[in-house]
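Shown next, in structure tokens, is the structure this report addresses.
The values are calculated or read from the model by the stated rules, or taken from the named source; none is laboratory data. These figures come from a predicted structure and were not determined experimentally. Cβ placement follows ideal geometry from the backbone for every residue including glycine, while neighbour counts extend to all protein chains displayed. Please note that ligands, DNA and RNA were not included when accessible areas were found on the heavy atoms of the full protein model with its side chains. Shrake-Rupley method; radii C 1.70, N 1.55, O 1.52, S 1.80 Å.
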Amino acid sequence: MSEPNEEYEIQHVFDHALAELMSRDLALKRSGRASELVVDASLPRLEGNRHRMRQIIEYLLDNAFRYSLDGTPVRARARLEYEGRGEELVVEIEDEGVGIATEHHQEIFAPLWRVDSSTTRDTDGIGLSLHIARQMAQGMGGSLRVRSTLGEGSTFVLRVPAVRAAGELE
């Protein structure tokens, strides 16, 4: 059974994803970890699968908080870009964490795959969220990729077709 498309504002999707994450992770809430959310103020209301979009953003934020260094912010940005196929919603989640070696950039999206190193061994999780997030992005006609340098942090880039809600001008 497919989920219905509905109108949403990406700012609200981010807010709900962050609130859900904080409600489940009391240690994160108590830590007062900073997050910087930058959503282009001119972004229109969109139409699509709001629930899946929130899940993907929640997974990416959770991942960024898990692997970022204490005291460093997690940044989230959203904007529209015009590509040859039409408008795309581009969401970037960036951390200043441990980073991922280039040779692991594709492996991290495999189910149950985790980097086994001294910097990540004690981090909770079983290695499914990035796989699920990528599958959901692809199911929405989009993509999920990573840019990362070991020791410098990671940026996950979600791209999905953007459908403006009825009444929203281009």
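When the residues 68, 42, 35 are ordered by accessible surface, computed with a 1.4 Å probe over the protein chains alone, the sequence from largest down reads 42, 35, 68. The simple spin-label model puts a point 7 Å past each Cα toward its Cβ; for residue 22 and residue 6 those points are separated by 2.2 nm.
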